[in-house]
Structure formats: C-alpha cells, structure tokens
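Asks: Quick one: this structure, given as structure tokens, is what I'll be asking you about.
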Amino acid sequence: MSTKIFNGYSLGFPATTPIYEIDRWAKLLRARISNVEQYLRAKLFADLAARLIDQIALLDSPKYLLPIVNGMTDEETATLSDLQTPYMVVFENISKHEKKIRVTQERDPLYDFECNVQILHVPGRNILLAMLFAEQEAYRILWRRMPHVQEYAYWNNTDQPSYLTDEQWDRRRRDWDKALGEDAIPSLHGFGIDCHHVYGHPDLERILRRMPTLRSRVRQSAGDRLFHERLDGRELTASNLFAMERDFKKWLKSTKGRLAAVKMRHDIAERLPKEITREILMTSVKTLYEQFHAEPEAS
C-alpha cells in the first residue's frame, strides 16, 4: 500500500503535556488563522465584486446583464431585482460555493477557508504528531511558523529527502503506522482542532481596503477580452483549456500580441470606473449599467 503523508508534522510537546498547555497553544493558532482568514475573505470578496462591476461597465448590451448575475448566483430568474447590488450578488456567489463544499466535501481552494489539525499520539513513544488539513497556502505557511511545529512527512513511493538517514526515514514510517492504526483514518485517532470559526462575510470597509487597483483591473479585463477574441468562437473545454491558455500566453509575447494588449488596455481604461466605492457596491446592477452607459450630456 502506498503511504503519502505530505501534511505530517511532529509537535515539540511530550505526549504527557497537560491538556491546558496544548489548549493555550491551540488558541494562539486559531487567533492567527482567524486574522489570515479575514484577510483572504475580504480579498476574495473584493476581487469578485471588482470583476462583476467591470464586466457591467464593459457590456455591449443590457441583454448580457442578467446572464452574468444568474451565472454568479446559479439562479434562473427571468428578471433582475432592484435589490441585487454587486455586494449581494457576490455574497450569494460565495455562500453558494461554501455550501457546496460543506455538502459535497469537494475541496475548492478559491472558496475553501476551513482549517483543521489532527493531533496524534504514537503508542509507546512520548511524542505527538500532527496533520494539517487546509486548502489555503497562507494557512500552511502560518502553520509551519507556529512554535513547536516541525516537518515530519513520510512517503514510500520515492526516495526520502537527502538530509535523512535510512533509519530516520524508517522511524517516521513506524511512527505514522502506529499513530494512524490499521484503518489509517486520522479522524478516528487522537483529537482534532478546528481553526475555522469566521462565519458570514467581511464588512464593507474591510472589502474596500482590499479592492484591486485600477491598473490590475484593466489588465485583468483586457486579458479576458483578448483571450475570448483569440478563441474565435471555439468552445472552451476541460480537454483544450491548457492548450488554449498556453497558445494565448505565447501570442501575448509576440509583437502583435503586445500591441493588441496595449491598445485593449487603453480602450478599457477609458470605460472602467476609476475607483470602486461603497456607493457602487450598494447600487443595483441595473442602475449601475444605466449609469455606466448613459450618454454624456451635450455641453
């Protein structure tokens, strides 16, 4: 049987450590994860809201407004409600994805903010092991910087790291085999620490502080438009996605691609709102479209 424990660590606590000391350490971990989670949530919310607002500003026809909103919320409504502001549309989008993760247990790095640690005792040894379960790379970086956490991974499909002797590597194997038992199901051994406890969505001020810059929004929108132009009506599928993206990146490096990108960015910069404000986030998408596409008054 192939054993791969890439998320394995040892803790600098003896197995006889009083539970209150581990609890104090766990509270520190939760507090640090909570700070990172709030940042990541606000950043995701801001990125999605900016993307939606910029799409509205660049629409060539109001008939595309409803499909964009329905696509984000997975609804099939025939009309747009005046209550559907960019804030509410993004709120529904994130809630939809998080509910799917909870129901199906299918991980999604973009929307998955859960973080769990399983602490395991190795029978016969006075040590504790731990396994981290998280989709966010920021969580993993934070975890590795926590006091008492040391890398203790093991796998048997390739050679061990060069800094470990055969005896040290085999010791890891024996430790994990004992800690996980015959069933090798982490949740059935030791005890878990749930670090995910931020629910709901960030407030407006936190979201506004994480809004992407106009320059990055222009580059994002220009890249999206140029990519779809390069598709030239061809259907984008799971089988050809990587090839299409590779071809697009190669084309962007050509003289023709660079010139097209410069022109597209210039045109788009003229059409996007220079700043995404609280008012824009809380204005209905219908009204935003009308405002963005209103004919300038004659002087």
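Asks: Quick one: Thr16 ticks every box in (1) assigned to a loop (DSSP other than H, G, I, E, B); (2) more than 30 Å from Glu151 (Cβ to Cβ) bar one, so which box is it?
Replies: (2)
Asks: In segment 88-96, is there at least one residue being surrounded by fewer than 17 Cβ atoms within 10 Å (Cβ to Cβ) and touching a helix residue (DSSP H, G or I) at 6+ places or on another chain (Cβ under 8 Å)?
Replies: Here is the first cut: in segment 88-96, the ones surrounded by fewer than 17 Cβ atoms within 10 Å (Cβ to Cβ) are 92, 95-96.
Pick out the ones that are also touching a helix residue (DSSP H, G or I) at 6+ places or on another chain (Cβ under 8 Å) and you get 92, 96.
For segment 88-96, residues surrounded by fewer than 17 Cβ atoms within 10 Å (Cβ to Cβ) and touching a helix residue (DSSP H, G or I) at 6+ places or on another chain (Cβ under 8 Å): present.
Asks: Then there is this: Spot the failing condition for Ala78; the list is (1) within 30 Å of Arg265 (Cβ to Cβ); (2) small (Gly, Ala, Ser); (3) not in a helix (DSSP H, G or I), and only one is missed.
Replies: (1)
Asks: Residue under question is Leu52, and the condition is that it be part of a helix (DSSP H, G or I) and touching a helix residue (DSSP H, G or I) at 6+ places or on another chain (Cβ under 6 Å); does it hold?
Replies: Taking the combined requirement at face value, the residue satisfies it.
Asks: OK, next. Pairs needed: first member in segment 60-79, without any contact (Cβ under 8 Å) to a residue 12 or more places away in the chain and closer than 20 Å to Ser95 by Cβ; second member anywhere, in a loop (DSSP other than H, G, I, E, B) and among the hydrophobic types (A, V, I, L, M, F, W, C); C-beta distance under 8 Å; at least 6 residues apart or different chains.
Replies: Listed by first residue and then by second, the contacts come to nothing, as the list is empty.
Every residue, every condition in (1) closer than 30 Å to Phe113 by Cβ; (2) over 27 Å from the mean Cα position of the chain (by Cα); (3) modelled with pLDDT of 95 or more; (4) not β-branched (Val, Ile, Thr), yes or no:
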residue: Ala184; (1), (2), (3), (4): yes, yes, no, yes
residue: His197; (1), (2), (3), (4): yes, no, no, yes
residue: Leu208; (1), (2), (3), (4): yes, no, yes, yes
residue: Thr213; (1), (2), (3), (4): yes, no, yes, no
residue: Asp224; (1), (2), (3), (4): yes, no, no, yes
residue: Ser239; (1), (2), (3), (4): no, no, no, yes
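Asks: Please report, ordered by residue number, the helices (runs of 4 or more DSSP H) entirely within segment 221-299 with at least 3 residues that are outside the structural domain of Leu83 (by TED's automatic domain parsing), surrounded by 11 or more Cβ atoms within 10 Å (Cβ to Cβ) and in contact (Cβ under 8 Å) with a residue 12 or more places away in the chain. Can you show your working first?
Replies: On the way: elements: 241-252, 255-269, 278-281, 285-292.
Helices (runs of 4 or more DSSP H) meeting the threshold: 241-252, 255-269.
Asks: Moving on. Here's a check for you: in segment 147-182, which residue that is touching a residue at least 60 places away in the same chain (Cβ under 8 Å), aliphatic (A, V, I, L, M) and within 15 Å of Lys4 (Cα to Cα) is surrounded by the fewest Cβ atoms within 10 Å (Cβ to Cβ)?
Replies: Checking each candidate, the answer is Ala153.
Asks: Say we look at segment 1-56 and pick out the residues that are touching a residue at least 40 places away in the same chain (Cβ under 8 Å) and among the hydroxyl-bearing types (Ser, Thr, Tyr); which of these is nearest to Ala153 (Cα to Cα)?
Replies: Selected residue: Tyr9.
Asks: Residues that are surrounded by fewer than 18 Cβ atoms within 10 Å (Cβ to Cβ), part of a loop (DSSP other than H, G, I, E, B), touching a residue at least 12 places away in the same chain (Cβ under 8 Å) and over 15 Å from the mean Cα position of the chain (by Cα): does segment 106-124 have at least one?
Replies: Within segment 106-124, one or more residues are surrounded by fewer than 18 Cβ atoms within 10 Å (Cβ to Cβ), part of a loop (DSSP other than H, G, I, E, B), touching a residue at least 12 places away in the same chain (Cβ under 8 Å) and over 15 Å from the mean Cα position of the chain (by Cα).
Asks: Taking the stated definitions as given, is Glu229 farther than 30 Å from Arg265 by Cα and not polar (S, T, N, Q)? If you could, list the steps in order and put the result at the bottom.
Replies: Values: farther than 30 Å from Arg265 by Cα: no; not polar (S, T, N, Q): yes.
No: the conditions fail for Glu229.
Asks: Now for a separate question. Out of the residues in segment 125-146 that are farther than 14 Å from Gly8 by Cβ and of a type in the set (A, V, I, L, M), state the one that is surrounded by the fewest Cβ atoms within 10 Å (Cβ to Cβ). Quick ask: steps written out before the conclusion?
Replies: Residues of segment 125-146 farther than 14 Å from Gly8 by Cβ: 125-126, 135-139, 141-142, 145-146.
Filter again for of a type in the set (A, V, I, L, M), leaving 138, 141-142, 146.
Numbers: Ala138: 14, Ile141: 10, Leu142: 19, Met146: 17.
Top of the filtered list is Ile141.
The values are calculated or read from the model by the stated rules, or taken from the named source; none is laboratory data. Just so it is clear, the structure is predicted and the values come from calculations on it, not from any experiment. Cβ atoms come from the backbone with ideal geometry, glycine included; neighbour counts cover every protein chain shown.
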